[in-house]
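Heads up: the structure comes next, in structure tokens.
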Ligand code: ADP
Ligand code: MG
């Protein structure tokens, strides 16, 4: 007697279900994707007990004939591909022909379906993979799938289900991803007979994203729209001062399919490097379009993961797209206006109610002129407003055009904007400016010192400096070792020309010893921090109006004036409506 036997179909389906149907959320995903593939314009999902007791998906799609509805429950039965060539050019979400038989093998399952225009439909009942009943039935066009008591016949699997709230959370995440990718479909989610989400059909991603993520996030979105070498990327990202503690708000899609792809995630995060702290995440909704033959969607049974044939090209395109989009982002203020603040405040409060930041337009780039710190100021800050450039276009944003109110606690700059009171952390701002200059190719140029400065270091410091010499030179330093602990500094990066080279180097070495910077980016972070701790703009330093003006102008000229290079916020607006509310004047 041979030892090998071919397994019965039901067992095969139950085994397949182990991969395809890990939990109720996977059932919802498969059923909703089937409804989308059936070109439905309306899909509703209803749950009992977080999907543990019941999942019901109803659509108004093409439906199935009675013959097809029986076939659809067979393993590897699909209407979506016929050959391997079809798989290489796949445009539907499904193609494995596994979902329905797998789900039916591990639940009490009911399929009610009726083709568009047909007189009657078909109703099929399956229990744990065994067909119990098939009958003709009068039904509305479309398909309803009912899945009850998931894993009732596999007690070991049923035990792994989490409590209803947890399963509901997984389903919600799944639902919201589908919703973002399909604004043209009316989608509903109900739980215990209550509507949790109702997303009517809408035009384009932005209104749908506003439903899914809330008005505040959607109001802060900057568009991404980029194409290079056959990879298209579109969608929205948030400015760096909106930060999340995990990657759950990174909604990434490839050819309309929601994916959890580490590679793509990392590409997004690299674009935000030195804008948000490590361990924090932006919010993003990004759709990649890649021609189907350049991506393999058949590497994961639940199709959560994908494989690019040229991952390097895809990630570099994503990075470039985001760099470009981020460089256009500006904090949201209108240019200074002579309108009465009160009227203006009401208008803006109405226009942006619930939003913290509004839409962001592309602003003309100005030439970079970096901030050189002047000698420590003693004079009090003058209360005169900065001159207003009446010729400035309505669109051009700038901190330096806002009315200067003064300085608070020698640490914060106060400005008046049409939206309200703007506070700027002067230290964070300066750090960002130095960092931007160090990372910009043009401003990185070396500035020759009129006379070389000799720095004497302790043996330990000298060894450390030797090891950093190549990268410091790349940043614009020119340092010559003299032997022993002596070094001659001939040049410094132009943006550090206002500092004492000796102090900068010594402090930088102290920082490097503690933080062990591993690459050029981290070195720049360290230098920016060191420099800002030395400049006249450190916290607790009184600034002259002229110094403030130069700081603001420098801030205007850089790409991403949102956070300091360590990711801390750099400015904050207290909106008029908040101030009015506080004084009970609304
Ligand atoms: P796949 O989606 O990979 O083809 P499934 O097991 O999910 O495999 O579905 C099998 C087939 O049943 C599909 O190819 C499709 O023809 C049909 N089908 C499933 N759900 C629906 C639906 N909601 N409306 C119309 N047809 C459906
Ligand atoms: Mg399917």
Of all residues making up segment 15-45, the number that are in contact (Cβ under 8 Å) with a residue 60 or more places away in the chain and more than 15 Å from ligand 1 (Cβ to nearest atom): 5
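Among strands (runs of 3 or more DSSP E) lying entirely in segment 85-145, which contain 3 or more residues that are in contact (Cβ under 8 Å) with a residue 24 or more places away in the chain, farther than 30 Å from residue 307 by Cβ and within 16 Å of ligand 2 (Cβ to nearest atom)?
Details: elements: 108-114, 121-127, 130-137.
Of the strands (runs of 3 or more DSSP E) lying wholly inside segment 85-145, those with at least 3 residues that are in contact (Cβ under 8 Å) with a residue 24 or more places away in the chain, farther than 30 Å from residue 307 by Cβ and within 16 Å of ligand 2 (Cβ to nearest atom) span 108-114.
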Give 99, 118 a once-over and let me know the one that is on the phi < 0 side of the Ramachandran plot and away from ligand 1 (no atom under 11 Å from the Cβ). 118
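Residues are listed down the side, and each one gets a yes or a no for (1) in the same structural domain as residue 502 (by TED's automatic domain parsing); (2) surrounded by 18 or more Cβ atoms within 10 Å (Cβ to Cβ); (3) in contact with a helix residue (DSSP H, G or I) (Cβ under 9 Å, 6 or more places away or on another chain); (4) assigned to a strand (DSSP E or B):
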{"site": "405", "(1), (2), (3), (4)": "no, no, no, yes"}
{"site": "413", "(1), (2), (3), (4)": "no, yes, yes, yes"}
{"site": "424", "(1), (2), (3), (4)": "no, yes, yes, yes"}
{"site": "447", "(1), (2), (3), (4)": "yes, no, yes, yes"}
What is the number of the single condition among (1) more than 36 Å from the chain's Cα centre (by Cα); (2) within 10 Å of ligand 1 (Cβ to nearest atom) that residue 109 does not meet? (2)
For segment 327-343, indicate whether the set of residues that are modelled with pLDDT of 80 or more and out of contact with any strand residue (DSSP E or B) (no Cβ under 9 Å at 6 or more places or on another chain) is non-empty. yes
Under 6 Å between Cβ atoms, which residue pairs at least 6 apart in sequence (or on different chains) link something in segment 68-81 that is closer than 13 Å to residue 12 by Cα with a partner that is in a loop (DSSP other than H, G, I, E, B) and within 13 Å of ligand 2 (Cβ to nearest atom)? 76/97
Considering 26, 17, which residue is in contact with a helix residue (DSSP H, G or I) (Cβ under 7 Å, 6 or more places away or on another chain), in a helix (DSSP H, G or I) and either more than 21 Å from residue 303 (Cα to Cα) or away from ligand 2 (no atom under 13 Å from the Cβ) (or both)? 17
All-but-one check, residue 452 against (1) touching a helix residue (DSSP H, G or I) at 6+ places or on another chain (Cβ under 8 Å); (2) not in a helix (DSSP H, G or I), failing number (1)
The correct count of residues that are in a helix (DSSP H, G or I) and either under 12 Å from the mean Cα position of the chain (by Cα) or buried (at least 16 other Cβ atoms within 10 Å of the Cβ) (or both) in segment 230-262 is 3
Condition check: in contact with a helix residue (DSSP H, G or I) (Cβ under 9 Å, 6 or more places away or on another chain), surrounded by fewer than 15 Cβ atoms within 10 Å (Cβ to Cβ) and in the same structural domain as residue 451 (by TED's automatic domain parsing). Does residue 522 satisfy that? no
Does segment 298-326 hold any residues that are at pLDDT 85 or above, surrounded by 20 or more Cβ atoms within 10 Å (Cβ to Cβ) and closer than 30 Å to residue 15 by Cβ, and which are they? 306
Kindly evaluate residue 83 against the criterion of being surrounded by fewer than 24 Cβ atoms within 10 Å (Cβ to Cβ) and closer than 23 Å to residue 301 by Cβ. yes
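Pick from segment 30-53 the residues that are within 16 Å of ligand 2 (Cβ to nearest atom) and in a helix (DSSP H, G or I): which of them is surrounded by the most Cβ atoms within 10 Å (Cβ to Cβ)?
Of all residues in segment 30-53, those within 16 Å of ligand 2 (Cβ to nearest atom) come to 30-40, 43, 45.
Still in the list and also in a helix (DSSP H, G or I): 30-37.
Numbers: 30: 25, 31: 25, 32: 26, 33: 18, 34: 23, 35: 30, 36: 21, 37: 18.
Step by step, filter segment 30-53, then rank; the result is 35.
Would you say residue 121 is farther than 30 Å from residue 297 by Cβ and surrounded by 20 or more Cβ atoms within 10 Å (Cβ to Cβ)?
yes
Give the residues of segment 209-225 that are closer than 23 Å to residue 315 by Cβ and crowded, with 19+ Cβ neighbours inside 10 Å, sorted by residue number. Lay out the reasoning, then the answer.
Quick first cut of segment 209-225, residues closer than 23 Å to residue 315 by Cβ only: 221-225.
If the condition is that a residue be closer than 23 Å to residue 315 by Cβ and crowded, with 19+ Cβ neighbours inside 10 Å, then 221, 222, 224 are the ones that fit.
The values are calculated or read from the model by the stated rules, or taken from the named source; none is laboratory data. As the structure is a prediction and not an experimental result, all values here were calculated from the model. Note that each Cβ is placed from the backbone with ideal geometry, even for glycine, and that neighbours are counted across all protein chains shown.
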